[in-house]
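No lab work stands behind these numbers, since they all come straight from the coordinates. What you are looking at is a predicted structure, and each value in this text was computed from that prediction instead of being measured. Don't worry about glycine lacking a Cβ; one is built from the backbone with ideal geometry, like all the others, and counts go over all protein chains shown.
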Amino acid sequence: MDPEPVLSAANTEISRARRYEIGTVIRYRARGEREWHEGLTENISISGVLIRSERSLDPKTAIEMRFFLPVELDGEYAAEVFCRGFVIRSSKCRIPVGTFTIAAKIMHSRFLRQMGSRGYVAKDSMNGNRRLAL
Amino acid sequence: MVSLPNSFPSPIRILIADDHPLFRDGLRRLLQAEPGFEVVGEASDGDVLVDLARKTRPDILLLDLSMPRQDGMEVLRELSLSKIPVRTLLLTASIEKAQIVQALKLGAYGVILKEATTQRLFDSIQCVMAGQYWIGRESVSDLVRALRSVAPSENGARGKDYGLTTRELEIVTLVVAGYSNPDIAQRCSISEQTVKHHISNIFDKLGVSNRLELALFAVNHRLTAVAS
């Protein structure tokens, strides 16, 4: 991957949080869109995520993202993490051609506990649990 | 959720790359019998494949992983450097999970096993055409599982425990599963205050600052790995 910056948000910085090189499928959409798009995470930190995707998004676009924590647990489903934030920059990748990396800042995240096929229970830092139909 | 179109206005142009002529012939016949698919070329080795892809400009490349001269991974690497906007599905008898991740990083859109049914093959092509990834039998869930199995620490075994006690490791697992503090308290038959105390200790030991970072750390360092 050799990103070539094509878009960047002026006066915006990603704080130097520890980045975890976790590759997993992530779904994202611009706020207000109905359809989710897929990409792969390159790395994730508490303040941001780097996504490889076929699509670029303009800097400062507000986005929603969701991904399953890619780990097997004994007798439990790993949570799905739902995040809201905005795009910091989109960069065109030289390899593979036609792909972009999208750096997004995470402003808010919450865990969605998987309840088998019936739905989720959401947990965030402010509220109690509540069941969601997704 | 991502929606899949039922049909495409023009046929999906497919290039087949496999070193076995009988297999290529059978695959071509299958695809040509299906409305909406058009086979635009066949290649028997990796050397000629990239040139053929450049000439035929297919939408989809069905690529055998093990071919003479250049194997599938080498072809993927070469394609990723070229300007050919083709979406590649690896078509293989077997594949290691680490190879799946390597192939995805090189731009492949998925893997379909040669033992798959014809319908699965058609589904995978349409799924990839719609911009989704395809691994095994399902588009996303199996891919997540494959990626889970090749998380950064080796062999699927739990890594270092970073000085965490058995109880703390149990709580880490519950956090990764999305449990709230009250839920954890109930599950472990301890008070919520004790849960908070444990989580505070875990944060200190691991040098993380919130639940999200704890979960990322746990995934990255296999703190919750199932004992094998």
(message) Could you tell me the calculated FRET efficiency between B:Glu38 and B:Phe203, based on Cβ-Cβ distance and R0 = 56 angstrom, to the nearest 0.05?
(response) 0.45
(message) For peptide A:47-56, what's the mean number of Cβ atoms from other chains within 10 Å of each residue's Cβ?
(response) 1
(request) Would you tell me the mean number of C-beta atoms belonging to other protein chains that fall within 10 Å of each C-beta in A:21-27, as a whole number? (result) 5
(request) Obtain the nm distance between the two label points defined at B:Arg77 and B:Arg54 by a simple spin-label model: each point lies 7 Å from its Cα along the Cα-to-C-beta direction. (result) 1.9
(message) Within a 10 angstrom radius of the beta carbon, how do A:Trp36, B:Trp134 rank from fewest other beta carbons to most?
(response) A:Trp36, B:Trp134
(request) Using the number of other C-beta atoms within 10 angstrom as an exposure proxy, rank B:Leu49, B:Leu81, B:Leu91 with the fewest first. (result) B:Leu81, B:Leu91, B:Leu49
(message) Test of understanding: ordering A:Ser91, B:Ser94 by Cβ neighbours within 10 Å, fewest first, what list do you get?
(response) B:Ser94, A:Ser91
(request) Would you kindly state how much longer the chain becomes between A:Trp36 and A:Glu72 on full extension, computed as 0.36 nm times their sequence separation minus their alpha carbon distance, in nm to one decimal? (result) 10.5 nm
(request) Enter the mean number of other protein chain beta carbons within 10 Å of the beta carbon of each residue in A:33-40, as an integer. (result) 3
(message) Whole-Hz ³J(HN,Hα) for each residue in region A:46-58, computed from phi via Karplus 6.51 cos²θ - 1.76 cosθ + 1.60 with θ = phi - 60°, x for glycine and proline: what do you get?
(response) 6, 10, x, 9, 10, 10, 9, 8, 7, 10, 10, 10, 5
(request) Using the structure shown, list the pairs from B:Lys55/B:Lys105; A:Lys60/B:Lys160; B:Lys105/B:Lys196 with a Cα-Cα distance above 28 Å, or answer none. (result) A:Lys60/B:Lys160; B:Lys105/B:Lys196
